[in-house]
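Q: After the structure tokens below, expect a handful of questions from me.
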Amino acid sequence: MRRPRFLPDNFTLTLLAVVLIATLLPCRGQVAVAFDWITNLAIALLFFLHGAKLSRQAVIAGATHWRLHLLVFACTFGLFPLLGLLLKPLLAPLVTPELYLGVLYLCALPATVQSAIAFTSLARGNIAAAICSAAASSLLGIFLTPLLVALLLGVQGEGGSTLDAIGKITLQLLVPFIAGQLARRWLAGWVERNKHWLRYVDQGSILLVVYTAFSAAVVQGLWQQVPTAALLGLVVVCCVLLGIVLCLTRLFGRLLGFDVADRITIVFCGSKKSLATGVPMAQVLFAGGAIGMLILPLMLFHQIQLMVCAVLAERYGRRPE
């Protein structure tokens, strides 16, 4: 039987099911630790396979694609903060003042790495450029986010763990990718022959990130910390912010003459905000304060961006070769 046109695709339905499961049965304690390990291993496998799949020429071309990287960085660290400030008179009345401080905080964060690359791969974009751009965004965010937070919120950090953050990014993402590049001479043929099912590694890593992130949000009181009206208003704020950025990144890519694969990379790398970076960084920048309300917009925005971008990636991926 043909699928009704109004029914979402299988991957989107699976994402909705994962969110429902995380709401009803969030992982806690040692189970959450185990899921974190599994998620990290899945992400490492994802980057290893990307390293084995991409030719050396494609990697070099991605790293030297400076126009694309400059546009992504401008959207991440320029467009987002600017929109946060310009839209404040319109959006702030929908939420509490504390929640809008959280919105400004998420605007200052770097792009997420794993999901941006996984979505770019799923949508058949420029994966090499996405890997270089997303990883560089995380590294730049270590230095730029505290400065932006000081400008937007008037908060100065009390120290940081820059070397730890760089080490984590290197170990989780860069080392598996380099290992895949080194193993390419033996695995390239196998990866090419099995690429039709290796795409499930991309999808699986996204599902794991969604479940672990949403479980953490539920355990931390996602549905109890704010009144229902403010929570609904926050959903509207996040949707408006994400929608504007998605439209503008797509428009900028088209106006600046990028091809389809590059425009896909710009959309998925320039519209993301990192929960994995934002939560630990909040603990450093706002040491001694209650950060639950501050990171709630980030947790909600993270879930919305995953759901919306999953649909976009599937649609991009179904385009003709």
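Quick note: the coordinates plus some simple rules give every number you see, no bench work behind them. Here the structure is a predicted model, which is why all the values come from computation and not from measurement. With ideal geometry, Cβ positions are generated from the backbone for all residues, glycine too; neighbour counts draw on all protein chains shown.
Q: Which of the peptides 228-240, 299-311, 17-29 is most tightly packed, and how do the rest follow, judged by the mean count of other Cβ atoms within 10 Å per residue?
A: For the peptides 228-240, 299-311, 17-29, the packing ranking is 299-311, 228-240, 17-29.
Q: Of the peptides 121-133, 70-82, 257-269, 88-100, how do they stack up when ordered by the mean number of other Cβ atoms within 10 Å, highest first?
A: Numbers: 121-133: 25.4, 70-82: 19.8, 257-269: 23.2, 88-100: 15.5.
Result, highest mean first: 121-133, 257-269, 70-82, 88-100.
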